[in-house]
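One structure is given below, encoded as structure tokens.
The values are calculated or read from the model by the stated rules, or taken from the named source; none is laboratory data. Remember, it's a predicted structure, so these values are computed and weren't measured experimentally. As a convention, Cβ positions derive from the backbone with ideal geometry for all residues, glycine included, and neighbour counts pool all protein chains shown. In case anyone asks, the SASA skips ligands and DNA or RNA and just uses the protein heavy atoms, side chains included. Shrake-Rupley method; radii C 1.70, N 1.55, O 1.52, S 1.80 Å.
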Amino acid sequence: MTIKNVIASAPGRVNLIGEHTDYNGGYVLPMAIPQRTTVSLKILAGKQVRLRSRNMPEPAAAFNYELGCEARAGSWGDYIQGVTRLLAGEGHALQGFEAHISSDIPVGSGLSSSAALEVSTMRALREAFGLALDDLTIARLGQRVENEFVGAHVGIMDQMASSLANNSEALFIDTLDLSYKSVRLPDDVDLVVVNSGVSHSNSNGDYNTRRSECEQACKILGVKLLREIAYGELSRIEALPEPLSRRARHVVTENERVLQAVHAISKGDLQGLGKLFYQSHQSMRDDYAVSVPEIDLLVELAMAEPGVYGARLTGGGFGGSIVLLARLGAGARIAEKIADAYAKKVPYKPTILVKGKGELNATESH
Ligand code: GLA
């Protein structure tokens, strides 16, 4: 049965800890953020797909194509072309449609605007055409859109977070077998997310370079995934040539930090959790080399605030956002203070996306 008009949405995500571990078969701990992408879809006769984005300036706001003729164009429309191409390849029957897309997840903020676009589109198509797709299948297809159509060799964290997580609990995912469980943050903490305004993209070379460095490390070590190297076997990676040794060290130690973070959360140990955030940031900056000076500045500003437990770069890196944990009730003030100090020092405009645990803040600019 087909339905004529549908509206569906999906959230962005912030990763609490576990960065660049997902394509290495490791652990991640994302949660959804209040910001979402919404797709409002109307079925059309024939095979034409007409897309409009409320977030893009003209003429880039419009993107049209025909089902069956999807071709990468280097535009935001590629995420939707990838979705329809893959769904058809999986035997799902589609027909033409018009879709209006709007989002309050800033593009390039490291908060998964592309995963939210893929997941919200698939949710809308699922409802419009009665497709048999469960939430995990949607996440897997979203990752394939990135890998096979867009050319970003990402892992599955963002799509699983967008499809399965909510913004009151974190989602602990073991990307080796895609098992997951909800992890509730302690009540006495504020979660803050600040976008640096330095834009990043997963489909540019840097992200894919890191992934291939991990693959090279695996080849030399004779393993399929870096997950196979236990924390207690760190000495094995010391034999690798640089920079592979440092890259592998980040992945192996970050996996351990995720497990420790889940443990700290279960004990309500916010000091311990915060320390893991700082260690994760340091590892991403020094070993994995995915931070930038502006992100380091935000983390340093956070570190200087007495009410902050810990802060780190979240997401793929090379720009994007930081996530920080602050004393309950102090998050909003700290976020403003850090954003103001940052804006005075660099030519980028910071944005506070989240400034309290589970708080539904609208995006606001400085
Ligand atoms: C991006 C990718 C994810 C993950 C993170 C880094 O967000 O889409 O799969 O690799 O970077 O943790």
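A few notes on this one:
- Solvent-accessible heavy-atom area per residue, rounded to whole Å², over segment 34-89 at 1.4 Å: 50
- Extended-chain gain in nm, criterion 0.36 nm per residue less alpha-carbon gap, H263 and S75: 63.5 nm
- FRET E, pair Y231, D340, Förster distance 35 Å, beta-carbon r, rounded to 0.05: 0.35
- Segment 186-362 shape via C-alpha gyration tensor axes, a/c threshold 1.5: oblate
- On Cα atoms only, tilt of 293-303 relative to the major axis of the chain in degrees: 60
- Note on segment 156-172 and segment 50-96: Cα centroid distance 24 Å, given to the nearest whole angstrom.
- Cross-link pairs exceeding 32 Å between alpha carbons, from the set K42/K349; K219/K355; K219/K345; K275/K344: K42/K349; K219/K355; K219/K345.
- Lys, Arg +1 and Asp, Glu -1 on Cβ, resulting dipole of segment 5-181 about Cα centre, debye, nearest 20: 480
- Using C-alpha pairs under 8 Å with a sequence gap of at least 6, the mean separation divided by the residue count of segment 39-150 gives a relative contact order of 35 percent.
- The chain: angle of helix 77-89 to the longest principal axis, Cα-based, in degrees nearest 10: 70
- Sorting R123, R54 on solvent-accessible area from highest to lowest, probe radius 1.4 Å, gives R54, R123.
- Relative contact order %, the chain, counting alpha carbon pairs below 8 Å whose residues are six or more apart: 22
- Cα gyration tensor category, rounded, prolate or oblate, for segment 5-181 with a/c compared to 1.5: prolate
- Per-residue SASA entry for E98, accessible area with 1.4 Å probe, Å² rounded to 10: 40
- Cβ-Cβ FRET estimate between Y348 and R50, R0 fixed at 30 Å, reported to 0.05: 0.30
- Charge-dipole axis of the chain as Lys and Arg at +1 and Asp and Glu at -1 on Cβ define it, positive-most pick from P293, I334, P350: P350
- Mean residue ellipticity at 222 nm, helices only, the chain: -12000 deg cm²/dmol; runs of at least 4 DSSP H residues each add -39,500 (n - 2.57), and the sum is divided by the number of residues.
- For the chain, the longest principal axis of the alpha carbon atoms and the long axis of helix 331-345 meet at an angle near 90°.
- Fraction of accessible area attributable to carbon and sulfur, segment 186-362 (%, probe 1.4 Å): 51
- Summing +1 for each Lys or Arg and -1 for each Asp or Glu among the other residues whose beta-carbon sits under 15 angstrom from that of L240 gives -1.
- Taking segment 186-362 and dividing mean pair separation by its residue count, relative contact order in percent (alpha carbons under 8 Å, at least six apart): 36
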